[in-house]
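Just so you know, all these numbers are worked out from the coordinates, no wet-lab data involved. No experiment lies behind these values; they were computed from the predicted model shown. Every residue, glycine among them, receives a Cβ derived from its backbone with ideal geometry; neighbour counts consider all protein chains shown.
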């Protein structure tokens, strides 16, 4: 029996990268997964990478389905959890991974750019949580994980990179800081109903298949890069255990639980919380 056997998980931003890796790891532990992304193909069909992600899980013996939604549009996302539930049943696990970043100096970020980031990075996760919560509270079982970012905190001096690099992450980081604060408050409200809400950020830049620039960073500064499997394993712990209102880094989740890091299919132990990324490979 997997740790998520019999549960239904909805993961946003799941067509690639971190979201796709988390979906694969939860599926390997028995969850029926609904993968969501906002991109549509030329003819209005689901983006090819989303279809590929679903096919990948199904081919491995899991259960997966796709649902498209533009999280920047309040009306478009208003029924996302309900639509996700049509595939396998009510959503037990919600992973709010999708995000939008506009890297601008704080004095240069326009109202439109700020509004878009707050809409996708803060309002959308809250709205989806509020859609899922009634059913979770009624069943007295639920897990909500909000993916945050180390950019929620101003980098320490001296800046490791340039001053500009440290400052242009500020407007995006502000949305994640707001998400973390909301996460903690919501977590303590619903914990008595056995619904567990947490926020987690990668401790470093996550190495994924599509991030070629991250591969170059990994070759020069391995400590600045994190394997995507670490994020997926930490997400599994927070989506299966009884954790309340944690705002935590991925490696800390694994280390505090005394856990190992597994391959995304759950078949192989790759290491522990200290494992480094291999710049020549990436699983998702």
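Name the shape class, rounded, prolate or oblate, that the alpha-carbon gyration tensor gives for the stretch 111-169, where a ≥ b ≥ c are the square roots of its eigenvalues, rounded holds for a/c under 1.5, and otherwise prolate holds if a/b is larger than b/c and oblate otherwise. Note, shape of the stretch 111-169 comes out oblate.
Mean separation of Cα pairs under 8 Å and 6 or more residues apart, divided by the residue count, gives the chain a relative contact order of 18 percent.
Take the Cα of residue 162, step 7 Å toward its Cβ, do the same at residue 263, and the gap between the two points is 4.1 nm.
Relative protection proxy for 73-86, 105-118, from highest mean packing down: 73-86, 105-118 (other beta-carbon atoms within 10 angstrom). The calculated FRET efficiency for residue 111 paired with residue 83, based on their beta-carbon distance and R0 = 22 Å, is about 0.10. DSSP assigns beta bridges within the chain; of those with both partners inside it, close to 10 percent run antiparallel. Pick from 88, 274, 249 the residue whose mean-square fluctuation is largest in a GNM of the chain, springs joining Cα atoms under 10 Å. In this elastic network of the chain, the residue with the biggest mean-square fluctuation among 88, 274, 249 is 274. State log₁₀ I(q)/I(0) for the stretch 1-146 at q = 0.10, 0.12, 0.18 Å⁻¹ as given by the Debye formula over alpha-carbon point scatterers of equal weight, solvent excluded. Debye curve over Cα of the stretch 1-146, log10 I(q)/I(0) at q = 0.10, 0.12, 0.18 Å⁻¹: -0.34, -0.48, -1.00. Shape annotation for the stretch 8-271: C-alpha extents along the principal axes are 49, 46, 43 Å, from largest to smallest. For the stretch 59-144, what class follows from the C-alpha gyration tensor (a ≥ b ≥ c being the square roots of its eigenvalues): rounded when a/c is under 1.5, otherwise prolate if a/b is larger than b/c, else oblate? Prolate.
Highest average first, the peptides 228-238, 126-136, 2-12, 160-170 ordered by how many other beta carbon atoms sit within 10 Å of their residues are 228-238, 2-12, 126-136, 160-170.
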